[in-house]
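First up is the structure itself, then whatever we jot down about it.
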Amino acid sequence: MCFTENFMQYLVNGLANGFLYALIALGYTLVYGVLQLINFAHSEVFMSGGFAGYFVLQAVVGRQPHGLMSVLMIVLGIVAGACGGGLIAFLLERVAYRPLRRRKAPKLAFLISAIGASYFLFNLAGKEFGRTSLSVPYIFNGTNSGIAFTFLGAQVQTMYLIWAAAAIVLLVSLDRVVAKTKLGQGIRAVAEDAETASLMGVNIDRVISQAFVLGGLLGGAAGFLYALNFGVVYTMGFTPALKAFTAAVLGGIGNLRGAMLGGLVLGVAESLPLSCVNFNWQDVIAFGILIVVLLFRPMGLLGERLGRSA
Amino acid sequence: MTPMLALVGVEVRYGAIPALREVDIEVRQGEIVALLGANGAGKTTTLRTISGLVRPSKGAVLLNGRRVDQVPAHQVVGLGIGHVPEGRRIFPRMSVLENLQIGAYHRRGVTQAELDHIFELFPILRERRNQEGGTLSGGEQQMLAIGRALMSKPQLLLLDEPSMGLAPLVVEAIFDIIERIRDEGTTVLVVEQNAAQALQLADRGYVLENGSVVMADDAETLLGDERVRVAYLGEGAA
């Protein structure tokens, strides 16, 4: 029967995608927390991570690695992706946002600047790296898409395990950094009350930059993880990032755990109905969820916890 | 002797509207100075100018003889100015302990002794240390805001309306603490609507009207002054 048929498989697929959405969504929510601004160029942070991982692996992978070497290559790709994403996020803030902030530009100017930066970056990537999809070198399991095991009828790809493991490590690390470190304390203080934070000695500009970079690290890592499965292409950021934005809103924009939860919920929610309807419905469902959530719970599932101060 | 803090001919504008005109204020080491005036007289703007949140269009702010009016706000605290903003502005979702720790954000390492000192001044904060700041009562929040500013180890403490919205007994407790803070070596500049109590606490006072200093004298003299009595002590002297 529809819905119950292959339920586990759709659940597993949805969770796997959800982990990636969660990683990307954190970039939106971190920046929103400190700036009350949606960084619509985050899709290109994600893409940059994909390309950075791709190029580094192209350079170092000779014959197909096995065993420990595979793990090492995955970690290397994630680190390269994170660095690429972090670097682009850092530059974005410096070039596309900070000058506007200095001039006290209206919010609309930030939005236009973000869209401009986004188009600039992905077209630049298209021009430099070609407009066709490139595969990341096979670094495990023959083709990067083998099945690790079968669980209650669901085939679990090795890829999914990598996504889940990497995402959990990164999500927990970020959560700890924000909760326990001085850097995190600065980010939370600026999110709650930027002016008072500056009275305490918090450099708002620096904290904003740090929030961009932290989000960029996660988004870039997600870009590489995505590329492992789907390859890299200059437009790769558009749909995943827009869905991650949906996930961030779903969880409560500005709320870190909300973004994590929102990512997983969105991944599962857009996946489960696919047992009843054609695969082409997936994006329709995802954005339908966004609209419905906004109608009935504008503050998202967990609310704006990190969010703006009164 | 150079005063600890000096405002010299300070003018602040919000667009075309002048908020402070030619303001001269001095605060000497070890004093409690009260800044009085009606709503909108420029008291809060004066404090915000001292801590770098507002830039003067004319004049200078000097701390121990050194100009600080172009220093970014986040660096002013490192020069020894602690600011307890109007409305307390504690971080509502951080714990009491974290609120205190962030007061020392500009320097490295918070020792238990420093926290213990704050807890000794405000024992209730020790009990509430793991509660979120937003769950405290108004008086407790004011204590937290003062404790947070003290964690920066200021030589000069700016207090903006510490009595606002608090019950008389709580106000009295807060004013006692302010006196003790001064006795422990911190100079205090306090903005108050509650003129009578502020002048009893202070050594000297300034009265602001429409952004200008209209009176500056010893607290006792101001307390006895006819104009001050009529304008500021009439209703607040309960």
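The values are calculated or read from the model by the stated rules, or taken from the named source; none is laboratory data. Owing to the predicted nature of the structure, the values given are computational and were not obtained by experimental measurement. Ideal geometry is used to build each Cβ from the backbone, glycine not excepted, and the neighbour counts take in all protein chains shown. SASA here: full protein model, heavy atoms, side chains in, ligands and nucleic acids out. Shrake-Rupley method; radii C 1.70, N 1.55, O 1.52, S 1.80 Å.
To the nearest 10 degrees, how steep is helix A:238-251 against the longest Cα principal axis of chain A, on a 0 to 90 scale?
For A:238-251 against chain A, the angle is about 60 degrees.
For segment B:183-191, take each phi angle, set θ = phi - 60°, evaluate the Karplus expression 6.51 cos²θ - 1.76 cosθ + 1.60, and give the result in whole Hz per residue in order, putting x for glycine and proline.
4, 7, x, 9, 6, 10, 10, 10, 9
Any idea how far the Cα center of segment B:14-40 sits from the one of segment A:235-310, in Å?
50 Å
Restricting to bridges with both residues inside the protein assembly as shown, how much of the DSSP beta-bridge set is antiparallel, in percent to the nearest 5?
60 percent
Select from B:Gly224, B:Gly65, B:Gly82 the residue whose mean-square fluctuation is largest in a Gaussian network model of chain B (Cα-Cα springs shorter than 10 Å).
B:Gly224
Where in chain A is the longest stretch that carries no trypsin sites (Lys or Arg not before Pro) classed as loop by DSSP and with at most 14 other Cβ atoms within 10 Å?
Between exposed loop sites, the widest span is A:132-310.
With the contact rule set at Cα under 8 Å and sequence spacing of 6 or more, what percent relative contact order holds for chain B?
With pairs under 8 Å counted, the relative contact order is 26 percent.
Looking at segment B:193-229, which GluC sites (Glu not before Pro) are DSSP coil and have at most 10 other C-beta atoms within 10 Å of their C-beta?
Answer by residue number: there is no such site.
Can you figure out the FRET efficiency of A:Val277 with A:Leu91, using R₀ = 41 Å and their beta-carbon distance, to the nearest 0.05?
That pair, A:Val277 with A:Leu91, gives E of 0.50.
Could you give me the ³J(HN,Hα) list for segment A:222-232, computed from phi with Karplus coefficients 6.51, -1.76, 1.60 and θ = phi - 60°, whole Hz, x at Gly and Pro?
With the stated coefficients, segment A:222-232 comes to 4, x, 5, 4, 5, 5, 3, 8, 10, x, 10 Hz.
I'd like to check one number: the per residue accessible area of segment B:5-233, probe 1.4 Å, reported in Å² as a whole number.
Per residue, segment B:5-233 has an accessible area of 41 Å².
Connecting C-alpha atoms closer than 10 Å in a GNM of chain A, tell me which of A:Ala154, A:Ala286, A:Ala191 has the biggest fluctuation.
Greatest mean-square fluctuation among the candidates belongs to A:Ala154.
So which residue, out of B:Leu189, B:Leu53, B:Leu150, gets the largest mean-square fluctuation from a GNM of chain B using Cα contacts under 10 Å as springs?
Looking only at B:Leu189, B:Leu53, B:Leu150, the largest GNM fluctuation is found for B:Leu53.
Which residues, if any, in segment B:87-126 lose at least 30 square angstrom of accessible heavy-atom surface (probe 1.4 Å) when the other protein chains sit next to their chain rather than the chain being alone?
So the qualifying set is B:Arg89, B:Phe91, B:Arg93, B:Met94, B:Glu98, B:Ile102, B:Tyr105.
By the 4.7 Å beta carbon criterion, which cysteine residues of the protein assembly as shown come out unpaired?
A:Cys83
Report the accessible surface area buried between chains B and A, summing both sides, using a 1.4 Å probe on protein heavy atoms only, in Å² rounded to the nearest 100.
Using a 1.4 Å probe on protein heavy atoms, the buried area is about 2100 Å².
Compute the acute angle (0 to 90°) between the alpha-carbon long axis of helix B:138-150 and the principal axis of greatest extent of the alpha-carbon atoms of chain B; round to the nearest 10°.
It is inclined by approximately 90 degrees.
Work out the FRET efficiency for B:Glu220 and B:Glu184 from their Cβ-Cβ distance, taking R0 = 22 Å, and round it to the nearest 0.05.
Here the calculated transfer efficiency is 0.40.
In degrees, nearest 10, range 0 to 90: what is the angle between the Cα axis of helix A:42-60 and the longest Cα principal axis of chain A?
For helix A:42-60, the angle is close to 50 degrees.
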